[in-house]
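K.L.:
Starting off with a structure, shown below.
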Amino acid sequence: MDEDRTATWAEGTSADLVADAHALGVSSVSTRMVTAWVEEGLLASPEPRKTTAHGSDPRVFPPEQRELFTKLLEARERSPLGRVPQRSIVRVVLYLWLIDDSVVLTPQARRAWRTHARATGKQTAARRSETARAIVASLAHPSATIPQRRAAQLVIEEGERTGRIDLPRLTSVLTELCSPWPAQPGAPRIERAIPGPFGPVTVQHHIAMWYARHQAVRQLRNEEVNEAALIGCAPSTAPNGPTTKPVGRLWLPRPERSPRLSPSPRLWRAARSRRSTPS
């Protein structure tokens, strides 16, 4: 932590955070909102403080969390959008956790992942149909028939709508879509490979990745990924490293920083400098 941060920010109660928000001109902030942000993973849980022999003082947020709260509010107020949804703000918190876990600790990140997962996949019927058509267009062989394309689109739309994947049915319709020719008697089916970033892959590879994504979202939504699993997944520090990080056998998508909503550059620089400073 640099000297400027130590001199500027101190621990504070929920009332102090509300006062900080009012000083910024954000009069809609209340202690109830602070509590909601803690529940959603936008803030860490306040820490207990006891200065007397009897009773206890109000819980306090550490300096890093107090600054985080202020910077998120400032970023929200700078956004050209009339109302910034929580799913956009939580991506900033998760990005901070990925690059430096001294600002956003793992218990907070676990709640933030839950909030992120619960917002993931919530699409309108029109958006689901558009997504399904794009998947079909990317996998379909030029000679695939209209009924084959339509069958694949309906199965994909149903999986996106319900969150449940019928793997045998999905494998069947996508295989027919990708390789629309009958198998020769007594011989295995010849399946077309699809170009991928690291070489040709089969349609089963795409199905496995889609299924893994659904499983990851479901486990995060239900808080089935524990803190130990998250702690054991150190993110890549390479400037052009992978945009995913493993959690056990799953791969979670890295939330990208939104150009419309980001804290001040000083917060990012401070997080990165603490990560690069040897302990």
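The values are calculated or read from the model by the stated rules, or taken from the named source; none is laboratory data. From a predicted model like this one, the values you see are computed outputs, not experimental measurements. Note that each Cβ is placed from the backbone with ideal geometry, even for glycine, and that neighbours are counted across all protein chains shown. Ligands, DNA and RNA are stripped out before the accessible areas are found, and what is left, the full protein with its side chains, is counted by its heavy atoms. Shrake-Rupley method; radii C 1.70, N 1.55, O 1.52, S 1.80 Å.
K.L.:
Of the residues Gly121, Gly163, which single one is on the phi > 0 side of the Ramachandran plot and either open to solvent by 40 Å² or more (accessible area, probe 1.4 Å) or modelled with pLDDT of 90 or more (or both)?
P.N.:
Among Gly121, Gly163, only Gly163 is on the phi > 0 side of the Ramachandran plot and either open to solvent by 40 Å² or more (accessible area, probe 1.4 Å) or modelled with pLDDT of 90 or more (or both).
K.L.:
Just to confirm my filter: which helices (runs of 4 or more DSSP H) fall fully inside region 108-207 and include at least 2 residues that are in contact with a helix residue (DSSP H, G or I) (Cβ under 6 Å, 6 or more places away or on another chain) and among the acidic types (Asp, Glu)? Spell out how you get there, then give the answer.
P.N.:
On the way: elements: 125-139, 146-162, 167-178.
Answer list for region 108-207: 146-162.
K.L.:
Given the options Gly163, Gly159, name the one that is under 16 Å from Gln204 (Cβ atoms) and within 31 Å of the chain's Cα centre (by Cα).
P.N.:
Working: Gly163 fails: under 16 Å from Gln204 (Cβ atoms).
Of the residues listed, the single one that is under 16 Å from Gln204 (Cβ atoms) and within 31 Å of the chain's Cα centre (by Cα) is Gly159.
K.L.:
Within the bounds of region 84-101, is there any residue that is exposed (fewer than 15 other Cβ atoms within 10 Å of the Cβ) and either at pLDDT 90 or above or among the aromatic types (Phe, Trp, Tyr) (or both)?
P.N.:
The answer is no, given that none of the residues of region 84-101 is exposed (fewer than 15 other Cβ atoms within 10 Å of the Cβ) and either at pLDDT 90 or above or among the aromatic types (Phe, Trp, Tyr) (or both).
K.L.:
Separate question: Report, by residue number, each residue of region 75-101 that is closer than 13 Å to Ile231 by Cβ and either in a loop (DSSP other than H, G, I, E, B) or of a type in the set (Asp, Glu) (or both).
P.N.:
Within region 75-101, Asp101 is the sole residue that qualifies.
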